[in-house]
Every structure is written in structure tokens, then in C-alpha cells.
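J.: Take this structure first; my questions come after.
The values are calculated or read from the model by the stated rules, or taken from the named source; none is laboratory data. Note that the coordinates shown come from a computational prediction; the quantities given were computed from them, not determined experimentally. Note that we place each Cβ from the backbone using ideal geometry, even for glycine, and neighbour counts take in every protein chain shown. The area values use the complete protein model at the heavy-atom level, side chains included, leaving out ligands, DNA and RNA. Shrake-Rupley method; radii C 1.70, N 1.55, O 1.52, S 1.80 Å.
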Amino acid sequence: MDTKPVLAIVTVGLVTVSLLMIGTAGTAVADEEYQINVQGSVDTPTRDITLRGTTYQVSAIGKAEPDSSIEVTVTAPDPNQLYRVYLYNSDQQPVVRETGTGNDTVTFDLSDRTPGTYMFAIQEQGTTQKVHPLVIKGYEVTLNTPDSTTVGDSFVAEISLDKLNDTLSTERVEVVVAGQETQMTKQATEDGDTYTTTIETE
């Protein structure tokens, strides 16, 4: 019997709830010259994301409350290296910029940012070195799933939502099941005060 624990991670776009199916095999990620650590981040399976036509590998996602601030810690290859950290919105347009030198921590004020998906990017002399996704929460989300499941079985994911901003509307709720090599998305169906969907693990 092949069983895998289910780790729940909540992110919000149009309300996307991610389930990570964690196996025993890991994925090696090579060290890079620049490293970025965003306050409140959660580890995820390594995946490719694109910013302005260039693809980068990421293995974590940051989460922030609306009207808050967030710290971004950068490890640089040179203690005197000057660089900029940009925050891009979902349209891949820079909306905030901070400057750092060497190993440094910069703080971003998110008080005027709307809930949704964003991207931090370290740039040195105009070249992007490292990126890190960020979600500013629009909902408090409660996700109920079993602690583990057997490959080939199905299970029900149940989601409850609590809006943090009255101007938001829930267009749809999706559940993303992600592993190191596979990913699938299921749209959840409204069922009274909750949303539910059945996940097949074949």
C-alpha cells in the first residue's frame, strides 16, 4: 500500500487552495549566488514560473495579510554588491522598489496593495537574479482533508471562506493538487456555506 501525507497550503488568487502530495523522494536544487527569503513563506514543490518572458525555478511562496508590511531577506554573492528588489503585480508591472547591499533585509509596505498574486524579483544592473512569489490574502480559508491517503483512492476536500475585504467577490474556488512532477486543478462546487470537490489520486 502506497500512502502519502497530505500537507495543506492555502493561497488566494480567485481563491486557489493548494494541496501538496508529499512523497519520500526529494528534488535537489542547485545553490545559486543570490538567495531570497520572504517572511511567512511556505515551502512548495519546485516549479517553473515566468516573469517578463524568462523562466525561473521557485520552491516557496510568501503569504501576507492585507494592509501589512513584509520583510525580504537577500543573500548576495558580494558583501558590497548593490541591487534592487522589485515587487511586481499580477500584470508583471513593478509597483514597489527597495534597494539593498550585500546580505540585507528590506521591508515592503503593502498597505496600498490589493489582495492577489505578486512577485518579488532581485535585480542587479538590470538583470533579474532571483524571484519569489507572494500572495496578499483576500480570504481566510479553512481547508479540511484527511491526514493521509492511499494512491488510487479518492478523498473529499472541503473549503470554508471568510472574506477579509467586503469588495471581493468569489468567482470560483479551485483546489490544486501538486507533487514534484505532477499537478492538477479541480474546481470546487458550492455546498451551502462551504465548497467541496473530490480528488482522485490515481
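J.: Restricting the first residue to segment 97-122 and requiring it to be within 22 Å of GLU140 (Cβ to Cβ) and of a type in the set (Val, Ile, Thr), which pairs with a second residue that is open to solvent by 70 Å² or more (accessible area, probe 1.4 Å) and outside any strand (DSSP E or B) meet a Cβ separation below 7 Å and a spacing of at least six or different chains?
T.: These pairs meet every condition: THR117/SER90.
J.: In segment 152-194, how many are hydrophobic (A, V, I, L, M, F, W, C), in a strand (DSSP E or B) and closer than 30 Å to ASP67 by Cα?
T.: Number satisfying all stated conditions: 7.
J.: From the residues in segment 65-82 that are open to solvent by less than 50 Å² (accessible area, probe 1.4 Å) and polar (S, T, N, Q), which one is farthest from VAL141 (Cα to Cα)?
T.: For segment 65-82, the residue satisfying everything is GLN81.
J.: Taking the residues in segment 15-39 that are open to solvent by less than 50 Å² (accessible area, probe 1.4 Å) and in a strand (DSSP E or B) as candidates, determine which candidate is modelled with the lowest pLDDT.
T.: This residue is MET21.
J.: Just the residues that are surrounded by fewer than 13 Cβ atoms within 10 Å (Cβ to Cβ) and of a type in the set (Ser, Thr, Tyr), please, taken from segment 151-174.
T.: Matches in segment 151-174: SER154, THR167, SER169.
J.: If I ask for residues that are on the phi < 0 side of the Ramachandran plot and not in a strand (DSSP E or B), which ones from segment 111-143 would you list?
T.: SER111, ASP112, ARG113, THR114, PRO115, LYS137, GLY138
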